[in-house]
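The values are calculated or read from the model by the stated rules, or taken from the named source; none is laboratory data. None of these values were measured; they are calculated from a predicted model. Here the Cβ positions follow ideal geometry from the backbone for every residue, glycine too, while neighbour counts run over all protein chains shown.
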Amino acid sequence: MTQPTEVKRAAVLGAGTIGASWAAWFLSRGIAVDVWDPRPEAEAYVRRYVAEAWPAMVRLGMTADASPDAWRFHATPEAAVADADVVQENAPERLPVKRELYARIDAALRPDAILASSTSGLIMSDMQAGFRSAARFAVGHPFNPPHLIPLVEVVGGRETAPGTVEWCLAFYKHIGKKPIHIRKEAAGHLANRLQAALWREAVSAVVTGLASVEDVDTAISAGPGLRWAAMGPHMTFHLGGGEGGIEHMLAQFKPVFESWWATMTTPDLSEANCRQIVDGVKAEAHGRSIAELTAARDAVLLPLLELTAKLG
Ligand SMILES: NC(=O)c1ccc[n+]([C@@H]2O[C@H](COP(=O)([O-])OP(=O)(O)OC[C@H]3O[C@@H](n4cnc5c(N)ncnc54)[C@H](O)[C@@H]3O)[C@@H](O)[C@H]2O)c1
């Protein structure tokens with residue numbers, strides 16, 4: 001098995017939003033990339049995506065041998081994985097699609113290659129079941145866009161060898177990501193469950209008339225969201241307890257949080273409720289395009305990433 005610190009070639013299977021972004025990040029770390037996607041326009045999409053992402057890659061620092069051109073587009077997934085030390089799979093989020101792809105590449109993978117799936121929440125045990133290379137399959141779930149957001153969640157399935165999970169953790173760390181080990185399989189892994197919990201309440205707030213979409217968003221981006229870039233919810237509450245820390249926070253707020261939790265309900269995503277969210281988001285966007293909103297987000301993200309990297 002190639003050492004996680006010595007990966008020279010990565011295959012990217014599925015080059016949409018996530019695959020193209022992974023390609024940009026791997027290239028910036030001096031790793032050559034072999035891409036396959038069934039969509040004929042995907043090659044041009046990756047070229048454009050890498051070109052647009054490259055200034056950010058330069059700003060965030062690259063390895064000396066990094067080149068935005070060190071990638072090839074292949075006609076089949078079998079050809080794309082043939083030389084890869086590691087495969088990052090980013091096919092659509094549907095179990096049969098992922099399994100069909102794994103069936104095609106199972107015999108084409110190098111016998112020591114690792115496959116990491118970007119799946120947002122499928123269960124690896126279901127995805128890998130029965131494949132010859134299953135012991136070398138794990139989840140390596142990034143956050144959009146993977147070329148900027150450091151978090152990668154690593155989860156093994158029933159047939160995953162413990163060494164595969166360790167390899168993925170070491171590999172992502174080596175290429176400058178912040179991997180965490182999720183110890184059990186769960187739909188949505190961890191970070192998406194946390195997002196889903198917050199978004200459930202955010203949708204609820206809108207459809208029950210508590211606040212507008214824009215004000216709900218401001219409640220996070222101008223409030224706790226700023227603190228969450230510095231530290232997570234548990235440590236944030238340690239500070240919320242003042243000198244007494246988390247013990248004092250719990251002593252004071254335990255019954256309060258329990259009473260709030262008791263009032264929280266799950267909204268349904270009915271057509272009318274979805275319409276209310278869509279209309280609210282459109283009003284908040286004030287006519288700005290997705291590209292303009294992405295640029296506005298990245299204008300905050302990049303300096304934030306530089307700052308958090310500097311502070312360690
Ligand atoms: N979008 C996100 O925010 C996000 C974040 C983290 C992880 N993910 C995960 O990444 C994966 C890809 O999601 P995405 O948002 O990039 O989707 P996407 O629709 O943007 O891209 C999917 C790509 O897969 C290609 N494709 C279609 N059939 C395929 C097949 N059989 N094999 C390989 N590729 C195929 C499509 O042509 C397309 O280019 C999913 O598993 C998703 O859960 C998405």
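Values computed for the structure shown
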item	result
Residues of the stretch 59-69 that turn out to be surrounded by 15 or more Cβ atoms within 10 Å (Cβ to Cβ) and out of contact with any helix residue (DSSP H, G or I) (no Cβ under 6 Å at 6 or more places or on another chain), as a count	1
Spans of helices (runs of 4 or more DSSP H) in the stretch 10-106 with at least 2 residues among the small types (Gly, Ala, Ser)	17-28, 42-60, 77-81
Condition broken by ALA196, with the remaining ones in (1) under 28 Å from TRP25 (Cα atoms); (2) out of contact with any helix residue (DSSP H, G or I) (no Cβ under 7 Å at 6 or more places or on another chain); (3) away from the ligand (no atom under 15 Å from the Cβ) satisfied	(3)
Residue in the stretch 23-57 that is nearest to TRP167 (Cα to Cα), counting only those that are surrounded by 22 or more Cβ atoms within 10 Å (Cβ to Cβ), more than 9 Å from the ligand (Cβ to nearest atom) and not β-branched (Val, Ile, Thr)	PHE26
Any chance ARG200 is within 21 Å of the chain's Cα centre (by Cα) and in contact (Cβ under 8 Å) with a residue 40 or more places away in the chain	yes
Options ALA262, ALA251, ALA272, ALA285: the member that is modelled with pLDDT of 95 or more and farther than 30 Å from GLU214 by Cβ	ALA251
Pairs where the first residue, in the stretch 57-70, is in the same structural domain as GLU43 (by TED's automatic domain parsing) and acidic (Asp, Glu) and the second is surrounded by 12 or more Cβ atoms within 10 Å (Cβ to Cβ) and not in a helix (DSSP H, G or I), C-beta under 9 Å, 6+ apart	ASP65/GLY30
Per-region count, the stretch 138-164, residues hydrophobic (A, V, I, L, M, F, W, C), farther than 24 Å from LEU27 by Cβ and surrounded by fewer than 22 Cβ atoms within 10 Å (Cβ to Cβ)	1
